[in-house]
Each structure stands twice: as C-alpha cells, then as structure tokens.
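Please read the structure below before turning to the comments.
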Amino acid sequence: MRSTDLLTNRMLVEERVYVQHRKLAKPENIDPHSHTGYEIYFFQSGLATYIIGETIYTLKPGDMLLFNGQILHYVKPSFQVPYLRSVINVSRDYVDTLLTEPAKSEVMEMFDQPGGHLLHWSVGERELVEQIFNQIAEEDEMRDLGYQDMVRARLTTLLLSSLRKCSADFPQHPISTTSQKEINAGRVLAYINQQFQSTITLEAISEAVHLNKHYLCHCFKQITGFTIHQYLAKRRIDESKKLLVETDKSIAAIAEAVGIAAVAQFSRLFKQHVGMAPYAYRKSHRRLDGARMFAQSRYWPDVDYEI
C-alpha cells in the first residue's frame, strides 16, 4: 500500500496537468494518499464519502472538491452503486500562470483550505462542467496542434467558473458532515492529525474526544473504512515519506519525528506499507528528484517544482 501517489507526482513533473476522465473506482486502489499539486475532483455518480485531512464529505452527484493534494486524502465509495468521477491534477505553478490577480489568489485560497473546498453544481450547471472536462480530456488525449493552449483555456474557464460559483453561493456553504457518527470520526481524525508525532493510545483519544473507546472505534471504522490503528500507521508513513525526500534527517530522527520510538519498528512498518526500506525509498526518490531537475532545466527553465 503506497500512500504517496507516485504516478501523479511524475505526471505533474512531466506534464504539469494530469487528467483522469470518467473513471470507475477499483476497490484495490482506495487508500489514503497524498501527492504534489492541486486536485479538482468532480463526483458524477454513485455513493461515496471523501475524507480530506480531518474533513468528511458525504458526496452527491454534481459535487466538486478543490484541495491541496499534499493533504492526506481518500475516497470511501459504496461499490453497490457505480462510482464515477473525473479528476484533474495540476501543479501549483501552472495555476499561477493561468490567472491574474485578484482571481489567482482567491482560487488558490479555495485549494489551500485545510479540508479543501466543496462546490455543488446543479443539474443545469453540470452540463457546462461536463463539457469542460470532456474538452480537456479530448485535447489531452488527441494532442493536436495547439492542444496545450486549448487545455490552458479550458482549465482557466473551469477555475473561473468555480470561483464565480463560490462567490454566488456565499455565505451559504455545503454541509459536509451529516451525521453524528461523521462528527465523531472527524474529531478522531483531527486528534490523530494533530498528535501523530507523539505516542497515541486509544485511551488518550477516548479522553480527548469524550467518547467511549469501543463506540468511537465503531464510528471511525464505519465512516472511514479503517481502524484507528490502521489510519494512524498510514498517517505516520505518509509524513515519514515527505521527511525522507525533503530532508537529510537520519532514519532514527524521522522515526522519532513521526511518533515511533524504535527504529526497527519504524523500518518494519515502513516496508510493510511501502514495499521497500526507508533508505531505499529515499535513494529512489533522490534519483527521481534528479530527473525532475533535468526535465525542469530542459523544458521549463523558469519553473520551481515542489516535489
């Protein structure tokens, strides 16, 4: 189980825009993950819960989420109903080139909210949104003369339409948490995200959120699809990956920084989730970073990627 989405990271280095149009979910691909850049997630049909950080969204067809991909996120769909969605990932620097102020700052503010930003397109509005996604996907697939300019134009239209939609809906805001169980699960997510760097026990969580530990475990599992122990491990592994790539800290220091005192325990957990040892992961990503620098100097000499 790899919590860092390496494909999206690579695509944003090579292309700056990564399009997945009208995709059906595969159960084996549903896992908490993070990646660089921004994500535009358009929910088209089915039943699903989407979790971004500690925010839980019960999605309805026509919902669109805009968020920073570096926040741990994942979807929990019901596979009893076809789950269809379209996704556009885009590097932050690319968004920066599309818009001018003040629209640029306002769009980035939507993406950078801690739990992302939810928009709900009405039945009538969805036709325009669907059309834009179709056009972007077709241009990206066909790659005819000037396709990059066409993608830029369509994506700019989508972002500005989303910003206008947000302004028109203000001060109303879609309600993302609809049940007490979701509220309880959100409180546990918040506690884990804030405290994962220290020792966490079920008793401590129970005391912090003022809930019986057996009941909160039930709520958390039902809403998120993971046990508290599983999610805590994934959160720690996701953070350790960032530290391995972005810092020169020792493996022991990284283990301590993510709340695991024993290096052997950390290495064992990391390999279990990632499929390789922490040192091997760091080495492989330093090679990727070198490839990124080559691509940057060759194709986009003025771009500063945040990988």
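The numbers here are math on the coordinates, done by the rules we state, and not lab data. Keep in mind the model is a prediction, meaning the values are calculated, not measured. We place every Cβ from the backbone using ideal geometry, glycine too, and count neighbours over all the protein chains shown.
About its Cα centre, what dipole magnitude does region 180-286 give when the only charges are +1 on Lys and Arg Cβ and -1 on Asp and Glu Cβ, stated in debye to the nearest 20? Could you put the intermediate results ahead of the total?
On the way: 15 positive and 8 negative charges, 81 e Å.
Dipole about the Cα centre, nearest 20: 380 debye.
What 222 nm value per residue comes from the helices of the chain, counting each DSSP H run with n ≥ 4 as -39,500 (n - 2.57) and dividing by all residues, nearest 500 deg cm²/dmol? Let's see the in-between values first.
Values: 12 runs with 164 residues, N = 307.
About -17000 deg cm²/dmol.
Would you list I183, I251, I56 from fewest to most Cβ contacts within 10 Å?
I183, I251, I56
Quick one: grab the alpha carbon gyration tensor of region 180-286, order the square roots of its eigenvalues as a ≥ b ≥ c, and give me rounded if a/c is under 1.5, else prolate or oblate depending on whether a/b is larger than b/c.
prolate
Just to compare against my own numbers: the Cα pair-distance distribution for region 102-173, 5 Å bins, whole % per bin, please.
3, 15, 22, 22, 18, 12, 6, 2, 0
Pick out, in residue order, every one of the GluC sites (Glu not before Pro) in region 44-148 that is DSSP loop and has at most 15 other C-beta atoms within 10 Å; say none if there are none.
none
Farthest toward the dipole's positive end in region 6-169, which of G62, F111, S161, given Cβ charges of +1 (Lys, Arg) and -1 (Asp, Glu) about the Cα centre?
Going by the charge dipole, the pick is G62.
How long is the gain from T97 to A261 if the chain were fully straight, where each residue apart is worth 0.36 nm and the alpha carbon distance is subtracted?
Extra length from T97 to A261 when fully extended: 54.7 nm.
In percent, how large is the relative contact order of region 180-286, given Cα pairs closer than 8 Å and 6 or more residues apart?
25
What does the charge dipole of the chain about its Cα centre add up to, to the nearest 20 debye, if the Cβ of each Lys and Arg holds +1 and the Cβ of each Asp and Glu holds -1? Working shown, then result.
Numbers: 35 positive and 36 negative charges, 245 e Å.
Dipole size: approximately 1180 debye.
Rounded to a whole number, what is D in µm²/s for region 6-169 from Stokes-Einstein with the Kirkwood radius over alpha-carbon pairs (37 °C, 0.692 mPa s)?
Estimated via Stokes-Einstein, D reaches 205 µm²/s.
Quote the FRET efficiency, to the nearest 0.05, computed for L24 versus K271 with a Förster distance R0 of 41 Å and r equal to the Cβ-Cβ distance.
It comes to 0.85.
Starting from region 243-275, pick out the trypsin sites (Lys or Arg not before Pro) whose DSSP state is loop and whose Cβ has at most 15 other Cβ atoms within 10 Å. Don't jump to the answer; show the numbers that get you there.
On the way: sites: K249, R268, K271; in loops: K249.
Those that pass, being in a loop and sparsely packed, are K249.
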